[in-house]
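Following: one structure in structure tokens, then a few remarks.
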Amino acid sequence: MTPFLALIALMLPVALGYSLISLLDTRKIIPTTLRLALAYGLGSGLLTLWMFLLGALHMPLTIQTLNYPLATFLAICLLFISKSAKRSFSKRLRHAIPSFSLDPLSFLFLLFILLQTGYVFWRSFTVPVSAWDAFATHTFNAKILFYEQSLKYLSSMPHNNYPLHVPLLQAWLALNLGQWDDLFIHAIFPLYFLSTLIVQYHFLRTYVSIRWSLLGLGLLVSSPFLIYHATIGYRDFSMLYYNFTTIVLLLLWHRKKKNAHLVLAALFAGITSFVKLEGIGYLAIHLVLLTTILAHEQSMPLFRKFRLFFTFFIPAVSVCLIFHVYQHLIHPGTLPPNNNAFGLYSIGLEHGIDYIGRLSTVLGKIIQNLFFSGNWNLLWLILSISVLQLIHRGISVEIKLLFLALILFAAIYLPAYTLTQHYYWISQTETVLSRCILHILPLATVLIVLINFSKKS
């Protein structure tokens, strides 16, 4: 009965996200499978923001206060989209699963992807909470939220300055199950994994063939570190999904100029900042990418550029501020208790330090992690070799923007780990750097495909 209840419960955020996307995408330019992948992330993100707002207003977090208003809102959305849905449902259903014949090599890629996906779902539903950060922090906090049904003990929770998307989503799932279950609260993570695969596949299919799109997925799921994190209760895979999806939506907007892509990118960028503290920096990167895209639109009037920028900026930053305004103004007791805490509120430059030596250490750790750790298969080596292809061919705008994103991520982490107290997490630990790299891993697989794809192949 528990698996059935978990499935029914997770249909609410999917339905919520799907209905909102349908309202935004009135011209039905987003395919059904991609819409479902976006719906899960959008719905679960808005659900946890709703939970946080209720908790911040000192309202109890119960089924009645959480689900009933969302169900009412969902019903209203369905009333608005019912007519167009009736006209297009049968057509969209036929195209939900594209029909195509696979050549033997593409079939092997697909088989490998399905095997890895099957393993992710199998492990998620057979291994209970066991990883340290989940056991000691995120899932532990979710358990407190589930039993207390409020935020009143937030200041006493481990790492109380961390955003609460994952703990709140797990607590919500347990509320709908009617009990705490260390196994089935993992249900949210394989769905993020599946959604990421769908988002990457649809993005690649915009530019390359089916075979190359499946190759990109095969490269992605060949990473042992990615597969492992798709099955445990850490926040990093959720971070990967929201960050990558935001960048994909921005690139799709650049190509198709549809407002639905831009508004969705803004919402996903805002939710990114509610998953981990690093999300604030990632939001800044998303803003730089959008500004770069707008700057290269020579024929676009300046007023329209400003309007499009604020179409993204206002919802993204508004979502971001919800949690951090609460932290600073309403609940200041949730600031990090010590200098080694991994946070944004206590960052400071350290004086009298050999920064050149630190930079050498950080760069050495990054190189060792990318090429010799075994976390990523050969992905970063393949990308490095693929860059040589760019010498003999033109560079598309998409490739330039994806490389700009990688450079901007490096521009955040290199100073943070070299100049501040967070140098400790690079010099004395191994996993923190790997988890940061995980957030940008799909950018590498997408770049490999886009660089090496040729219409002749």
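For the reader, a short list of remarks on this structure follows.
- Carbon plus sulfur fraction of accessible area for the stretch 1-48, probe 1.4 Å, in percent: 77 percent
- The heavy atoms of W212 offer some 40 square angstrom of accessible surface to a 1.4 angstrom probe.
- About the centre of its Cα atoms, the stretch 219-297 shows a dipole size close to 260 debye [charges on the beta carbon of Lys, Arg (+1) and Asp, Glu (-1) only; nearest 20 debye].
- Accessible area in the full protein assembly, largest first, 1.4 Å probe, for I144, I314: I314, I144
- Percent RCO, i.e. relative contact order, over the chain, from Cα pairs under 8 Å lying at least 6 residues apart: 18 percent
- Binned Cα-Cα distances of the chain, short to long, each 20 Å bin given as a whole percent: 24, 60, 16, 0
- Take the chain with all the other protein chains still there, run a 1.4 Å probe, and you get 44 Å² of accessible area per residue.
- Theoretical FRET efficiency, 1/(1+(r/R0)^6), r = Cβ-Cβ of K258 and I367, R0 30 Å, to 0.05: 0.15
- Violating pairs (Cα-Cα greater than 29 angstrom) within the set K365/K400; K143/K365; K152/K276; K305/K365; K257/K400: K143/K365; K305/K365
- Per DSSP, loop trypsin sites (Lys or Arg not before Pro) in the stretch 1-69 with at most 11 further Cβ within 10 Å: R27
The values are calculated or read from the model by the stated rules, or taken from the named source; none is laboratory data. What you are looking at is a predicted structure, and each value in this text was computed from that prediction instead of being measured. With ideal geometry, Cβ positions are generated from the backbone for all residues, glycine too; neighbour counts draw on all protein chains shown. These area figures cover heavy atoms from the full protein model, side chains too; ligands, DNA and RNA do not enter into them. Shrake-Rupley method; radii C 1.70, N 1.55, O 1.52, S 1.80 Å.
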